[in-house]
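Here the structure comes first, spelled out in structure tokens, and everything after it is commentary.
The values are calculated or read from the model by the stated rules, or taken from the named source; none is laboratory data. Given the structure is predicted, the values throughout are model-derived calculations rather than measurements. Glycine also receives a Cβ, built like all others from the backbone with ideal geometry; neighbour counts cover every protein chain displayed.
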Amino acid sequence: MAKLERNLARQIDEYLKDNGIYKLNTNGCAVAGTPDRLVCYKGVFVALELKSDTGKLTLMQKYVLKQISDSGGRAYVIRSVDELRSTLARLDNAIGKRKRGEK
């Protein structure tokens, strides 16, 4: 993980902790393509791949994120804390609609 991505990871970890959101840090994981953070958010499995503004996904990362999405989880590339906040707000909206039986 490059320096900019490490700084982002610290900011993301702080935000998740401050908001009581469970996360598993997968840096150093032996399985290539595993997203940087695996999160349980309001009962939803969420995978977060953390990238700097110029960071690009590898083919394996793209494959793994698609596998997670195809399996019913949520998979996101996150480039800032603000992007994480807006992503979780959209997820809140989707969770609310699902609970109300809306599409």
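Quick rundown of the values:
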| read-out | value |
| --- | --- |
| Residue that is surrounded by the most Cβ atoms within 10 Å (Cβ to Cβ) [pool: residues in segment 13-46 that are within 16 Å of Ala75 (Cα to Cα) and aromatic (Phe, Trp, Tyr)] | Tyr41 |
| Among the candidates Lys56, Lys66, Lys23, residue that is assigned to a helix (DSSP H, G or I) and either in contact (Cβ under 8 Å) with a residue 12 or more places away in the chain or more than 17 Å from Ser86 (Cβ to Cβ) (or both) | Lys66 |
| Subset of segment 47-94 [out of contact with any helix residue (DSSP H, G or I) (no Cβ under 9 Å at 6 or more places or on another chain), β-branched (Val, Ile, Thr) and surrounded by fewer than 16 Cβ atoms within 10 Å (Cβ to Cβ)] | Thr58 |
| Residue match in segment 28-39 (condition: part of a helix (DSSP H, G or I), of a type in the set (A, V, I, L, M) and under 12 Å from the mean Cα position of the chain (by Cα)) | no |
| Test result for Leu4, surrounded by 13 or more Cβ atoms within 10 Å (Cβ to Cβ) and in a loop (DSSP other than H, G, I, E, B) | no |
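Let's see how each residue does on (1) modelled with pLDDT of 95 or more; (2) within 22 Å of Ile95 (Cβ to Cβ); (3) not basic (Lys, Arg):
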residue	(1), (2), (3)
Met1	no, no, yes
Glu5	no, no, yes
Leu8	yes, no, yes
Ile12	yes, yes, yes
Cys29	no, no, yes
